[in-house]
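S.K.: Below you will find the structure I want to go over with you.
Derivation of every value follows stated rules applied to the coordinates shown; laboratory data play no part. Note that the structure is a prediction, hence the values are computed from the model and not measured. With ideal geometry, Cβ positions are generated from the backbone for all residues, glycine too; neighbour counts draw on all protein chains shown.
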Ligand code: MRU
């Protein structure tokens, strides 16, 4: 897969600026933690696993110029950097998972000299990106077993190479099925308000040579009713221990439509997106975003000034709608409260 979403290049974090896609492929280089946090906040880099990678390198950037000479001072600065990055986006748990890993890494190295601790942080971030590449391919392999030649798959938002280092979660399954010689066609929801489906999913599927048809979000039910969809595959930003799934706003609607029309609904995500500390989806923090995302369409105002707006970035799909959760360790099926317990073992 030739799309490299995020990488460490000569002391800088190189990312694809996803806000410019599909019209322009522009890379930006983050040299400091402020630029990186802004890139996360403004969705230049986005999607749960990629946010984890970005967060890890954010810590590297934030600590590289630390002048601390003892571990307690280094730790104080590290906590400030972690808090700063944590405040960028609240829903995707991978960000917090990666920040916790970076904290643990520093703690494990605390008896070493400060330059060695900085090296250890960089090695940990590089390890996270390497693991991401491996687990993306494992998830894809696990999920591809489910795909039959000729399947017509509906997806929502973007859960492809652009949400990982380079291969994807839900779309990774499709790439793998294609590599195995299966013919798959995809229907991509445009995914209002920020159009990740229209802008990003179609862009990367076309590059990979996968047949894709773009639809408006309100067309998914019609397609399912006409028996034109065999499976739904989506990603996840956070899964609670009961199997409730937080994913891009509109995912819940797709899941309800899928159940009504007897279409299997699969979620593809790494284990780091499963938050066993949260008992139910009701407790997952949901990011509320700027009302302009709704009052404008393609930067053009479409609603009257002063109108009230509701703009949650994610919704919760209750576990009863989820046929299976595909991870790098295989697929988990209901009852999730039981099956997900084994996940972190
Ligand atoms: O707001 P975004 O673009 O960061 O949304 C997150 C997502 O990309 C989706 O919810 C996606 O389906 C899951 S992340 C692999």
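S.K.: Please say if the stretch 227-298 is rounded, prolate or oblate, where rounded means a/c under 1.5 for a ≥ b ≥ c the square roots of the C-alpha gyration tensor eigenvalues, and otherwise the choice is prolate for a/b larger than b/c and oblate otherwise?
M.R.: Since a/c reaches 1.5 but b/c is at least a/b, the shape of the stretch 227-298 is classed as oblate.
S.K.: Still on this structure: Between residue 65 and residue 43, with labels modelled 7 Å along Cα→Cβ, what's the label distance in nm to one decimal, could you check?
M.R.: Roughly 3.1 nm, to one decimal.
S.K.: Something else now. For a footprinting-style exposure proxy, rank 46, 226 by other Cβ within 10 Å, fewest first.
M.R.: On the way: 46 26, 226 9.
Listing 46, 226 from fewest to most nearby Cβ atoms yields 226, 46.
S.K.: Shape of the stretch 140-342 from its Cα gyration tensor (a ≥ b ≥ c, root eigenvalues): rounded if a/c is under 1.5, otherwise prolate when a/b > b/c, or oblate?
M.R.: Values: a/c = 1.64, a/b = 1.16, b/c = 1.42.
Note, shape of the stretch 140-342 comes out oblate.
S.K.: For a quick protection proxy, order the peptides 257-270, 14-27 by their average other-Cβ count within 10 Å, most packed first. Intermediate results must be reported in sequence, preceding the final value.
M.R.: Details: 257-270: 20.8, 14-27: 15.6.
Packing proxy ranking, top to bottom: 257-270, 14-27.
S.K.: In addition: Give the angle, between 0 and 90 degrees and rounded to the nearest 10, that separates the Cα long axis of helix 114-144 from the longest principal axis of the Cα atoms of the chain.
M.R.: Taking Cα atoms only, the helix is inclined about 10 degrees.
S.K.: Another question about this same structure. Relative contact order for the stretch 6-137: what percent, with Cα pairs under 8 Å and sequence separation of 6 or more?
M.R.: Details: 163 pairs, mean separation 31.3, N = 132.
Relative contact order, the stretch 6-137: 24 percent.
S.K.: At what distance in nm do the modelled label points of residue 134 and residue 329 sit from each other, each positioned 7 Å from its Cα along Cα→Cβ?
M.R.: Between residue 134 and residue 329, the simple spin-label model gives 1.5 nm.
S.K.: At 222 nm, what value in deg cm²/dmol follows for the chain if DSSP H runs of at least 4 each add -39500 (n - 2.57) and the sum is divided by all its residues, to the nearest 500? All intermediate terms of the calculation are to be shown ahead of the outcome.
M.R.: Values: 11 runs with 128 residues, N = 345.
Using -39500 (n - 2.57) per qualifying helix, the result is -11500 deg cm²/dmol.
S.K.: OK, next. How big is the chain on each of its three principal axes, counting only the C-alpha atoms and giving the largest first in Å?
M.R.: Taking max minus min along each principal axis of the Cα atoms, the chain gives 67, 51, 38 Å.
S.K.: May I pose another question? Roughly what angle does helix 71-86 make with the longest principal axis of the chain, taking Cα atoms, 0 to 90 degrees, to the nearest 10?
M.R.: 20
S.K.: How far is helix 93-108 tilted, in degrees, relative to the longest principal axis of the Cα atoms in the chain, given as a value from 0 to 90 rounded to the nearest 10?
M.R.: The helix 93-108 is inclined about 20 degrees to the chain.
S.K.: Using Cβ counts within 10 Å as a stand-in for footprinting exposure, how do 87, 241 rank, fewest first?
M.R.: Details: 87 10, 241 19.
The order, fewest Cβ neighbours first, is 87, 241.
S.K.: How high is the relative contact order of the stretch 214-267, given as a whole-number percent (alpha carbon pairs under 8 Å, six or more residues apart)?
M.R.: Numbers: 50 pairs, mean separation 23.8, N = 54.
Normalised by residue count, the contact order of the stretch 214-267 is 44 percent.
S.K.: Testing the spin-label approximation: label points 7 Å from Cα along Cα→Cβ at residue 25 and residue 262. State their distance in nm.
M.R.: Modelled inter-label distance: 4.3 nm.
S.K.: Okay, moving on. Relative contact order for the chain: what percent, with Cα pairs under 8 Å and sequence separation of 6 or more?
M.R.: Values: 709 pairs, mean separation 57.1, N = 345.
Once divided by the residue count of the chain, the mean separation gives 17 percent.
S.K.: Using the count of nearby Cβ atoms within 10 Å as a rough guide to exposure, how do 29, 321 rank from fewest to most?
M.R.: Listed from fewest to most nearby Cβ atoms, that is 29, 321.
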